[in-house]
Structure formats: C-alpha cells, structure tokens
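Structure first, then comments.
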Amino acid sequence: MATRQLKLGAFLLHNGHHVAAWRHPQADSGRDPFALYKKLAQTAERACFDTVFFADSVALTSGVGGLEPLTLLSALAAVTEHIGLIGTATTTYNEPYHVARKFASLDRISGGRAGWNLVTSDNASEAANFGRSDHVAHGERYARAREFHQVVQGLWNSWEDDAILNDKEKGIQFDVDKLHALNHKGDHFSVAGPLNVSRSPQGQPVVVQAGGSEAGKNLAAQTADVVFTAHPNLASAQTFYRDLKSWVVHAGRPADSLKIMPGLFPVVGRTQEEAQEKFQLLQDLVVPKDGLALLGRMIGNFDLSAYPLDEPLPELPLTDNGQQSRQKLLTQLAQGENLSIRELYLRIAGGRGHFTLIGTPELIADQIQLWFENEAADGFNVMPPYLPGGLEDFAELVVPELQKRGLFRRSYEGRTLRDNLGLALPKK
C-alpha cells in the first residue's frame, strides 16, 4: 500500500447534488430524513470514508431545506464508530461562544470525530432572518471570520489536556492552573471565557474551510486543517493546490498540515453507456426555474429571470455578497465555451462547477489517481448525484478499485478524525 493515502468525504445534501435529484425515480422521498442519513453514514463508514459532511444555510434557498447539522451529527455519532462528522456553521450569523461550545460537545459525544466547516455566508437571503436589510460585504465577512476563528480557537484551548483530575480522595475535580480564561476584546467580539466543555481525545475539532478568494486562501492557510474547493479540471486544481500549499508554508506550517479535498460529482455505471444514461435521466428532469435559480445564486446572488435563457450570460458586476471565486469560475466557463444561460445552468446542474466524472469505476479511479498523484488533491469530497443510490454506487464500485490500487485504506488507522486524516494532535 502506498504511504500517502487518499482522503474521502461523503458530502450529503438533501436528495443529492443534482438540482433534479428530488425527481429521480429512485430518490428517497425525505419523509424520514434521519433514517436516510443514518443509512448513508453507515454506508460511508463501511467503505472507510474519512468523513460525512453537511453544508448548511440559515435561509430557505431551494426545495424544502434540510436538518440543522449539529443536531443531525450528534444523532449520527451514536450510530457510527469511526467516521468523521463535519458540519457547517457560518461566522456571519453566529456567535463564537455558541459555535465553540456546540462543536466541542459534538467532539466529546463522538469520541473525537467532529469537524467545523467555517464559512462566511454567501447566501444574501440569510440577512433578513437576522434583522439585516443587507448582506454583510465580502471584506467585512472575512475580517469577522478571522477574529471569530481566533475566539473559537482560544475557547477550545480553555482546558489543558490533563486538566481534569476527578481525584475523589483529595476532592479535586480539576487543576485550576490548567483552566484558562480567554478575556478576548477585538473589533468584532468581546468574550471572557473559559469554555464550559473540556477537550476531546483529538484535542479539538478539525477546522474545514472552502474559500477560494485571496482572502479565503489567506484565512485557510493560517487556520484550516482541511479545505473543500471547486475545480472543473486538472490544471485549475493544480494551480490552486500549489498556490494554497505555498500560502500554508509561508504561514509557518508544514504543507501537509492542510488537506485539500476538491468536490467530485461522480455518476458511476458498470459501463460507459450506463453511466451516460444515468446522467441524462437527471438532466432531463431539470425544471428550468430551478436551474436558473441555482445559477443565479451560485454566480453571486443575481436575479437572472429577466434574461432570455437561450442568450449568452450578461455582463455581471463583481459580487460583494456571494462567492467571488465561484462567480469567476462560472463566468470563465460560460465565456470560454460560449454557453447560453440554459446551457450554463445545465452544465452546473449536477456538480455546480465541481469536478464531474461520468463513467465506469475504472475511469473514475483513473482520474482520482491522476489528480492525487499530480499535486491537485489530497482527496475528494464526494458529491453523490442522488440519494441513496449515488453514494452506494461509489462505495460499492469505485472504492474497491481505489483499494485495489493501494490508494485508499481498507480499515481505519485510528479512532479520531485527526488520526484518520493524518493530522497532528493540537497540544494544550
């Protein structure tokens, strides 16, 4: 087996990642969402995935929405043993003490398997749910996020690893010299501390980020353990990978202390023809208004309903309340291939600009191996097209091919998420 091992996350989103997943004849209806997510988490764990991951939005943007991630992951912790549990919490519409406490609690409940996906909200409609008429501007979001992380990290360091004594004979529950108040006062937050949750077997939750802008890369290089990113091709992924790894080294960290895991939208068939048929079935089910709404949100929270669907994408200003990196990616895709609005939303209906593979297990494993061995990825965040079948196809067909090539584990290396990701234990 190769020394360096591929990392895999299962990115579980509602009915699946294709915008028409809910219409797939074999898609779960969602009447019992926990039963579905329990089944999926256990499927991913049997296949030795590193993590399950749940995105989040604090506004209704499409479909019927989903479950709150921390509540869901706490329940999944009780029905799994090894797999990491990563959930999203925005720094834009939360407070640091709440986030630190909830993820520290999940980390204790799961025995050291929690991860926090730190995001700055790119969905402008969230603002109205928190008393704001306008979404927070891009630069301000990142300034707040940087200090937010600093506070959360400080709270997680409230307790030293050996602070808890529980000495019944001497009547000493913990060493007071190893409990530290934070007393943070900054531009955005004033937080006294200490946190009222002690440290887990992995020290503290893994921190995940997804920013691709310069501000996002700078923040990730200083603070993240894992980065989720979107790249449609090898060259783009290599440029990002090499750039971000250099930022990490410049920040005074070892390059391998941050794992880069691009999104992967796989449609798996036992033959190439079967895979293409599976994909075309989903494409044929796209409702135009859903495709247009997806594109408008992904390209920077713009309303595109006034533009003809079969005309080119209009010139759009640089978004200040959406994902600037995703806007750039989609605009370049449209211009480079002269795509109409309809063609562009159909192009992203599945992968939303992420790496898309449609083919046999061997073809998909070939491309995964190519990216992994050529400075484009440390692993992938797998985005099943529909649920549960899309994840089952990958777990049953692609994972064994990766294992046969010595690229992916057959059993877990340790008990914690840091163990399995190959990340150092943060000492305190």
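Restricted to segment 379-421, and to residues there that are of a type in the set (Lys, Arg) and part of a loop (DSSP other than H, G, I, E, B), the residue that is nearest to residue 46 (Cα to Cα) is 410. For segment 295-307, filtering for residues that are open to solvent by less than 20 Å² (accessible area, probe 1.4 Å), in contact (Cβ under 8 Å) with a residue 24 or more places away in the chain and outside any loop (DSSP other than H, G, I, E, B) leaves 2. Might you let me know whether segment 219-228 holds any residue that is more than 20 Å from residue 89 (Cβ to Cβ) and open to solvent by 50 Å² or more (accessible area, probe 1.4 Å)? Checking segment 219-228: not a single residue is more than 20 Å from residue 89 (Cβ to Cβ) and open to solvent by 50 Å² or more (accessible area, probe 1.4 Å). Applying the criterion of at least 3 residues that are open to solvent by 80 Å² or more (accessible area, probe 1.4 Å) and within 28 Å of residue 215 (Cα to Cα) to the helices (runs of 4 or more DSSP H) found wholly in segment 308-378 leaves 324-337.
Within segment 1-28, the set of residues being open to solvent by 70 Å² or more (accessible area, probe 1.4 Å), charged (D, E, K, R) and under 25 Å from residue 229 (Cα atoms) comprises 4 only.
Residues that are closer than 21 Å to residue 259 by Cα and over 16 Å from the mean Cα position of the chain (by Cα): does segment 99-115 have at least one? Checking segment 99-115: at least one residue is closer than 21 Å to residue 259 by Cα and over 16 Å from the mean Cα position of the chain (by Cα).
Of all residues in segment 115-140, those being assigned to a loop (DSSP other than H, G, I, E, B) and within 22 Å of residue 194 (Cβ to Cβ) number 0. Residues that are open to solvent by 10 Å² or more (accessible area, probe 1.4 Å), under 23 Å from residue 10 (Cβ atoms) and part of a loop (DSSP other than H, G, I, E, B) within segment 254-284 comprise just one, 270. Residue under question is residue 292, and the condition is that it be under 23 Å from residue 385 (Cα atoms) and either open to solvent by 50 Å² or more (accessible area, probe 1.4 Å) or free of Cβ contacts under 8 Å to residues at least 60 places away in the same chain (or both); does it hold? Answer is yes for this residue. When segment 135-152 is filtered for residues that are under 21 Å from the mean Cα position of the chain (by Cα), modelled with pLDDT under 90 and of a type in the set (D, E, K, R), only 141 remains.
Test residue 424 against the stated conditions and say whether it is in a loop (DSSP other than H, G, I, E, B) and in contact with a His (Cβ under 8 Å, 6 or more places away or on another chain). Steps first, answer last, please.
Numbers: in a loop (DSSP other than H, G, I, E, B): yes; in contact with a His (Cβ under 8 Å, 6 or more places away or on another chain): no.
Answer is no for this residue.
The selection criterion, being over 21 Å from residue 74 (Cβ atoms), of a type in the set (Val, Ile, Thr) and loosely packed, with under 13 Cβ neighbours inside 10 Å, does not hold for residue 151.
The values are calculated or read from the model by the stated rules, or taken from the named source; none is laboratory data. These figures come from a predicted structure and were not determined experimentally. Cβ coordinates were reconstructed from backbone atoms using ideal geometry, including for glycine residues, and neighbour counts include every protein chain displayed. The accessibility values were calculated without ligands, DNA or RNA, using every heavy atom of the protein model including side chains. Shrake-Rupley method; radii C 1.70, N 1.55, O 1.52, S 1.80 Å.
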